[in-house]
Amino acid sequence: MQQRFWQFMVQLKVDSYYTGTYVADAEFKDNSLTMFGAIMATTSVSTWAIWQKFDIIWAILVAASQVLAATKQYLPYKKRIAPMRAVSYLYEEIFLEAESMWYDISQGNKTESEINQLMTELKGKQLKAWKKSIGDVTIPHRPKIRERADKLTAEYFTQAYNTTVTITK
């Protein structure tokens with residue numbers, strides 16, 4: 001049961017890093033789209049002489065900025081940021097709670113039944129955090145973000161516990 005709790009604790013850290021990395025990715029995409037639109041809006045007249053030489057590129061950029069202006073409100077990045085940030089903080093709190101329990105568990109001070117109860121409570125908190133924070137927002141799985149979360153988790157456990165962890169998918 002100690003091994004199950006350890007693996008659960010590792011998964012909690014993966015989930016914490018995943019949600020935090022997801023927020024950073026969504027913010028980057030949203031900010032990039034906003035900056036592209038702003039740059040296109042402010043440079044269109046001032047750089048007209050340059051764009052006359054590259055009219056095809058200019059036409060493509062203008063068309064892209066117009067499509068972006070019309071569709072940006074429907075893109076999901078911005079509406080995912082706040083809920084994912086909230087769940088990320090809650091997941092980190094749950095992980096810290098599990099980590100504080102680990103000492104007693106690793107020392108054999110908890111029975112298998114007690115460990116099982118602790119895991120069940122933490123899983124309930126994780127589910128409650130997800131439902132409270134995410135609600136009806138669709139969050140698609142992102143394999144590259146998961147790979148990053150796995151790597152950060154492995155680094156964390158190497159530094160904090162001087163051990164290599166196996167992360168299951």
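Scanning the range 104-128 for residues that are surrounded by fewer than 17 Cβ atoms within 10 Å (Cβ to Cβ) and more than 15 Å from Leu90 (Cβ to Cβ) returns Asp104, Ser106, Gln107, Gly108, Asn109, Thr111, Glu112, Ser113, Glu114, Asn116, Gln117, Thr120.
Filter the range 126-157 down to the residues that are β-branched (Val, Ile, Thr) and assigned to a helix (DSSP H, G or I), then identify the one that is modelled with the lowest pLDDT. Going through the qualifying residues, I end up with Ile134. In this structure, does Lys131 turn out to be closer than 13 Å to Tyr17 by Cα and either surrounded by fewer than 17 Cβ atoms within 10 Å (Cβ to Cβ) or hydrophobic (A, V, I, L, M, F, W, C) (or both)? No; evaluated as a whole, the condition is false for this residue.
The values are calculated or read from the model by the stated rules, or taken from the named source; none is laboratory data. Just so we're clear, the structure is a prediction, and the values are computed from it rather than from any experiment. Please note: Cβ atoms are built from the backbone with ideal geometry, for glycine as well, and neighbour counts cover all protein chains shown.
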